[in-house]
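For reference, the structure discussed in these notes is given below.
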Amino acid sequence: MEKSRFFNSTVSDKRSYSAADFAEFMKTFFSDGVMNGGDQLQVTKASGGMSVMASAGMAMLQGYWYANTESLTLPVQAASATLPRIDRVVLQFDTAANLTAVKLKPG
């Protein structure tokens with residue numbers, strides 16, 4: 001099937017596009033991941049207390065853009081005294097909820 005996008009609507013040819021249509025288009029230019037590398041969305045241990053910080057940055061996920069304009073602090077729960085644990089900081093991507101967000105996933 002042939003597709004042509006993005007044209008203005010006319011009286012005889014009504015056009016409407018969804019966010020998914022635009023994301024499909026953006027995927028042709030950007031792969032998934034953090035944009036511009038360097039320290040974009042870099043995760044570091046926060047000073048004092050049980051928390052980590054995700055720095056400002058941008059990412060692209062399945063053609064959907066995400067931006068964090070300032071450092072985010074994520075609290076870390078205390079681990080077991082006897083069992084090892086690895087926590088992960090991820091970008092949660094959920095089109096049903098219209099959400100992309102930095103989240104901490106306890107191990």
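The values are calculated or read from the model by the stated rules, or taken from the named source; none is laboratory data. Source: prediction; values computed, not measured. Please note: Cβ atoms are built from the backbone with ideal geometry, for glycine as well, and neighbour counts cover all protein chains shown. Protein only, heavy atoms only, side chains kept; ligands, DNA and RNA dropped before computing areas. Shrake-Rupley method; radii C 1.70, N 1.55, O 1.52, S 1.80 Å.
General remarks:
- Helix-only CD estimate at 222 nm, as mean residue ellipticity for the chain, using -39500 (n - 2.57) per DSSP H run (n ≥ 4): -2000 deg cm²/dmol
- Sites count as exposed loop sites when they are trypsin sites (Lys or Arg not before Pro), lie in a DSSP loop, and have at most 16 other Cβ atoms within 10 angstrom; the longest stretch of the chain without one is 28-84.
- Rolling a 1.4 Å probe across the protein heavy atoms gives region 37-107 an accessible surface of 67 Å² per residue.
- For the chain, the equivalent ellipsoid derived from the Cα gyration tensor has semi-axes of 39, 14, 12 Å, listed largest first.
- Cα-centred dipole magnitude for region 1-87, charges only on beta-carbon of K, R (+1) and D, E (-1), debye, nearest 20: 100 debye
- Counting 0.36 nm for each residue step from Met1 to Ala67 and taking away their Cα separation leaves a gain of 20.4 nm.
- Using a Förster distance of 25 Å, the FRET efficiency for Met53-Phe93 (Cβ separation, nearest 0.05): 0.75
- Whole-percent carbon and sulfur share, accessible surface of region 35-107, 1.4 Å: 55 percent
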